[in-house]
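Here's the structure, in structure tokens; my notes come after.
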Amino acid sequence: MIELLPDMPKGVMGIRVSGRVRGDDLRDFKPAMDELLKADEIRIVEVIAPDYEGFGPGGFVEDLKLGFGTVLSHHSAFKRIAVVSDKDWVAHVLHAVGWMVPGDLALFGLDELDRAKEWAAG
């Protein structure tokens, strides 16, 4: 499941992923991402909930399509991505693939959401 987070700073999109993310979830989320891409700068806070289980049916393929299409066509617009999670594997994945992510990328614990919002907006 993907949901938009309320109470984000101006110019920052907040999302929360939980449970199993399916292809339908990502297709339903695409209009929100398209709206974000209209801005000159892209700033995101992504919360990975404790109950996040990864991708369900079609989720990985849709994530690749959405991610690569977005990053390639708007590479220079990405400014800051704050990932908020207490899952150990998230830190390992970000360390391994962070070089591919445009803009600045930072990891915060679940208890640091407010700090992540401030960092993303800064």
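The values are calculated or read from the model by the stated rules, or taken from the named source; none is laboratory data. Everything quoted here is computed from the prediction, not taken from an experiment. Note that we place each Cβ from the backbone using ideal geometry, even for glycine, and neighbour counts take in every protein chain shown. All accessible areas refer to the heavy atoms of the entire protein, side chains included, with ligands and DNA or RNA removed. Shrake-Rupley method; radii C 1.70, N 1.55, O 1.52, S 1.80 Å.
Below are the figures for this structure:
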quantity: Residue list for segment 2-26, restricted to those being among the hydrophobic types (A, V, I, L, M, F, W, C), at pLDDT 85 or above and touching a helix residue (DSSP H, G or I) at 6+ places or on another chain (Cβ under 8 Å); calculated: Leu4, Met8, Val12, Met13, Ile15
quantity: Filtered residues of segment 1-18 (kept if open to solvent by 20 Å² or more (accessible area, probe 1.4 Å) and assigned to a loop (DSSP other than H, G, I, E, B)); calculated: Met1, Leu5, Pro6, Asp7, Met8, Pro9, Lys10, Gly11
quantity: Residues being touching a Lys or Arg at 6+ places or on another chain (Cβ under 9 Å) and closer than 23 Å to Leu94 by Cβ - total across segment 1-35; calculated: 12
quantity: Some residue of segment 58-68 being modelled with pLDDT under 90, farther than 18 Å from Pro102 by Cα and outside any helix (DSSP H, G or I); calculated: yes
quantity: Pick from segment 69-90, criterion open to solvent by less than 40 Å² (accessible area, probe 1.4 Å) and modelled with pLDDT of 85 or more, ranking: nearest to Pro50 (Cα to Cα); calculated: Ser85
quantity: Segment 35-57 - residue that is farther than 14 Å from Ile2 by Cβ and not in a loop (DSSP other than H, G, I, E, B) and, of those, modelled with the lowest pLDDT; calculated: Glu35
